[in-house]
1. For segment 48-63, name all the residues that are more than 22 Å from the chain's Cα centre (by Cα) and buried (at least 17 other Cβ atoms within 10 Å of the Cβ).
2. Can you name every residue in segment 95-136 that is among the aromatic types (F, W, Y), over 25 Å from R53 (Cα atoms) and either out of contact with any Ser or Thr (no Cβ under 9 Å at 6 or more places or on another chain) or at pLDDT below 90 (or both)?
3. Could you list all residues from segment 88-108 that are over 30 Å from R140 (Cα atoms) and either loosely packed, with under 11 Cβ neighbours inside 10 Å or not charged (D, E, K, R) (or both)?
4. Return yes or no: is A81 surrounded by fewer than 18 Cβ atoms within 10 Å (Cβ to Cβ) and either aliphatic (A, V, I, L, M) or in contact (Cβ under 8 Å) with a residue 40 or more places away in the chain (or both)?
5. Within segment 125-161, take every residue that is hydrophobic (A, V, I, L, M, F, W, C) and more than 11 Å from the chain's Cα centre (by Cα) and give me the one that is surrounded by the fewest Cβ atoms within 10 Å (Cβ to Cβ).
6. I'd like the residue in segment 73-121 that is under 19 Å from the mean Cα position of the chain (by Cα) and not in a strand (DSSP E or B) and, out of all such residues, is nearest to G135 (Cα to Cα).
7. Does T115 satisfy the condition of being surrounded by fewer than 12 Cβ atoms within 10 Å (Cβ to Cβ) and of a type in the set (V, I, T)?
8. Just wondering, is there one or more residues in segment 130-150 that are under 18 Å from D164 (Cβ atoms), assigned to a strand (DSSP E or B) and in contact with a Lys or Arg (Cβ under 6 Å, 6 or more places away or on another chain)?
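The values are calculated or read from the model by the stated rules, or taken from the named source; none is laboratory data. The model shown is predicted, which means the values in this text are computed figures rather than measured ones. Here the Cβ is made from the backbone with ideal geometry for all residues, glycine too, and neighbour counts use every protein chain on show.
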Amino acid sequence: MARAAIASLIAGAAFAQVPAAPPAAPPARAAEPAAASYVSQRLNGKPLPVTDRVSDDKGVQYLIEFGELILGIRANHEFRAALKYRQTLAAKGARFGQDPLQKMIVYGTWAVVGTELRFVPDPKRGGNGLRILTGTFKGREIDVPFDYRNGSVSRRAAVILIRDDHIY
């Protein structure tokens with residue numbers, strides 16, 4: 001009986017010396033970009049504005065000038081993107097006119113999926129016919145590659161947006 005009491009006492013002492021496991025930490029939330037305005041700085045590594053000019057097989061010239069992109073990231077997982085651009089046509093050998101800058105505004109939702117930032121345009125709020133864009137973010141910077149068409153030429157471009165707390 002003394003042995004049983006001693007064994008029980010030793011087992012109890014050994015059990016008491018094992019520290020209690022710390023409470024489980026809540027699952028980590030995926031990092032998200034800050035709710036703020038982000039302004040385009042570069043397109044394909046070149047400072048804005050950037051001009052893309054192509055000619056088709058009949059000599060018609062197509063010009064697109066990307067002027068500015070402001071992306072508003074909102075805390076409720078909505079975004080507003082405002083693009084200023086110029087799109088011009090000219091006949092073979094003719095000079096391009098100085099058409100005014102055009103403005104396009106698109107609203108939609110955004111989500112973080114793994115390490116990507118996915119933008120889903122709302123077709124009822126300027127996003128009709130636009131595709132989902134997927135980019136990345138790190139700190140104060142968002143990078144978004146996109147495809148566009150200039151005349152009959154399809155191109156891939158990448159825009160870099162930097163957080164600017166002085167806008168909106």
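1. Hits for segment 48-63 are D52, Q61, Y62, L63.
2. Y107, W110
3. Scanning segment 88-108 gives T88, L89, A90, A91, K92, G93, A94, R95, F96, G97, Q98, P100.
4. Answer is no for this residue.
5. If we take residues in segment 125-161 being hydrophobic (A, V, I, L, M, F, W, C) and more than 11 Å from the chain's Cα centre (by Cα), then V153 is surrounded by the fewest Cβ atoms within 10 Å (Cβ to Cβ).
6. T115
7. The answer is yes for T115.
8. no
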